[in-house]
Structure formats: structure tokens, C-alpha cells
Amino acid sequence: MTTLVFGQTSAQTAQQHLNSAIQSEGNIRNGVIAAKNAVNQLTKEIVVIGNPNAVLFNNKMFEQVNTVQNNVDDTDYFVNEAKNVSVMPFTTQAINNLTADLINLNDELIGLTYQIEEALGNNNNNATLNYLSQVSNVLNAQDNKAVEVINAIQSLKQTIKLYNVCIQTVDYQGNPVNGSDLHGFWAQNLVTGEYIYPTNQDGNCFENLPAGTYRFDSYNGYWSGTSSTDVTLSENLENANGIIVVNLVYWSE
């Protein structure tokens, strides 16, 4: 079978942008861990040590606020960039709504941080501990929301993913067949009915196929032909080069 190395396509670039958006949300989740550690530390300082460090806690909370703001901006940017280059059109609205929720949670975190600062200034430890419990709830909500964003992006990645498929002719034992008098190959999208034809010079590969189920077949030669086969495109079928190899069983009289 012809070895084919596909150049970088706009579809691949869109996937890379979405991967960057997922990484941004991962940064938010890591920030949640650091912020929750700060909550635990201040709780220990109040209950056990008796010497709460309000300045350190304040700094850690606003570090999380900045982490969320910066990474939400990055997420929205990368998702929009993916939209601009994607061959498959899509809307960013659902993801933008989720990232807006993260910013709203930031506002809650800022408000609670100021309340904790005031309570500590008044030596009101009971109020501070109550606010810290609320901070933990907000941080958990941020983590859950970041997971929602990641899941939405992962789903979007599958929706817009395009596949590269190459045909290989094999004998009845699965051994590759070199050379034939076949008159070429074709594919048909079994949902839309559209016929698709090879895009490479050797005439055996189909680039940038949208997700779906396809029938792959050949045009018979003078003395030969192949079986047809139906394939539902999936990442699980891709080889190390990102290509799905479809075997058609070759026969010859």
C-alpha cells in the first residue's frame, strides 16, 4: 500500500486549538487544588495554631481569581480560533456560557475573600470558618464547571473531527496484494448518500472525511474486483500515522 503522510490540515489545527483550550481548563483545576490548600491552611491556623495569616490567604485567593480569569480568556480564545479554521462549522455559545459561569464564581470568591478579611480583622473566627466553608463550595463549583467545559470541548472535538482513510487490497488470508487492473476506488456516505473519490495521486486515499459510516469499494478491472466494506469512522481505527486503513478483499479470474 502506498505510504501517505498527510500535511497539516485546518482540521488538525482546529483540534490543536481545542486541545489548548482543554489545557487551559486543566490549569483552572490545578488552581482549585492550590486554593483549597490555602483554605485548609487558614482553618488550621485558626483552630490549631491560633495565628491566622490573613495576607497569605488573601494572596492565594486572588491568585486563583487571576488563574480563572486568564485561563477562561484563553479557553474562549482557543475555541474561537478552532471555530475560525474548522472545516466543520460549529457554534461556541454553549462553551462560552460555561466559561461565563466560571467568571461569576470568581465574583463570589472575591466577595467571600473580602468578608474573611473583615472577619479576621474583627477577630471573629466563627464567622471566618463559616465563610471558609462557603469558599470551599465555590472552589468545588469552579472545579466542576471546568470539568463541564472540558467535556463540552471533548464532545466538540469528536463532532468536528475529520478522518483520513486509505484503501489496501488484500487476499482472502489478509495478505496485501500488489498490483491489479482495478479501475480505482470510491466511497459513499451511507447517511447522506454522497459519493466520494480519492484525493491522493495514487488514487487509494480519502482525506478529511467527516465522522459517519461509509461504504468503500472499487471499480472492477477487466478480470478482477474486490469486496466492499462498511466502516464507521472512529479514532480507535486510526493507525500511528492517524490513517484508517480499510482492507478490500481482492479477487481475480
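The values are calculated or read from the model by the stated rules, or taken from the named source; none is laboratory data. In this text the structure is predicted, and so the values were computed from the model without any measurement. Here the Cβ positions follow ideal geometry from the backbone for every residue, glycine too, while neighbour counts run over all protein chains shown. With ligands, DNA and RNA removed, areas are computed over all heavy atoms of the protein, side chains included. Shrake-Rupley method; radii C 1.70, N 1.55, O 1.52, S 1.80 Å.
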Could you check how many residues of the stretch 60-101 are without any contact (Cβ under 8 Å) to a residue 60 or more places away in the chain and of a type in the set (G, A, S)? 2
In the stretch 31-75, how many residues are open to solvent by 50 Å² or more (accessible area, probe 1.4 Å) and under 18 Å from L98 (Cα atoms)? 5
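Among the residues of the stretch 76-94, which ones are among the polar types (S, T, N, Q), over 19 Å from E148 (Cβ atoms) and surrounded by 14 or more Cβ atoms within 10 Å (Cβ to Cβ)? If you could, list the steps in order and put the result at the bottom.
First pass over the stretch 76-94, keeping only residues among the polar types (S, T, N, Q): 80, 84, 86, 91-93.
Subsequent filtering for residues that are over 19 Å from E148 (Cβ atoms) retains 84, 86.
Across the stretch 76-94, the qualifying residue is only S86.
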Scanning the stretch 9-30 for residues that are open to solvent by 10 Å² or more (accessible area, probe 1.4 Å) and either acidic (D, E) or closer than 18 Å to N144 by Cα (or both), the one farthest from the chain's Cα centre (by Cα) turns out to be N30
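Can we say S86 is at pLDDT 95 or above and of a type in the set (S, T, Y)? Can you show your working first?
On the way: at pLDDT 95 or above: no; of a type in the set (S, T, Y): yes.
For S86, the condition - at pLDDT 95 or above and of a type in the set (S, T, Y) - is not met.
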Selection over the stretch 108-124 where residues are open to solvent by 70 Å² or more (accessible area, probe 1.4 Å) and under 10 Å from V138 (Cα atoms) yields a count of 1
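For the subset of the stretch 41-66 comprising residues that are of a type in the set (S, T, N, Q) and not in a helix (DSSP H, G or I), which member is farthest from L132 (Cα to Cα)?
Going through the stretch 41-66, the residues of a type in the set (S, T, N, Q) turn out to be 41, 43, 51, 53, 58-59, 64, 66.
Add one more test, that the residue is not in a helix (DSSP H, G or I), and what stays is 51, 53.
On the way: N51: 16, N53: 14 Å.
Applying the filter and picking the extreme gives N51.
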For a quick check of your reading of the model, give me the residue pairs whose first member lies in the stretch 220-231 and is free of Cβ contacts under 8 Å to residues at least 24 places away in the same chain and closer than 17 Å to I244 by Cβ, whose second is open to solvent by less than 20 Å² (accessible area, probe 1.4 Å) and aromatic (F, W, Y), with beta-carbon atoms closer than 6 Å and at least 6 apart or on different chains. T229/F216
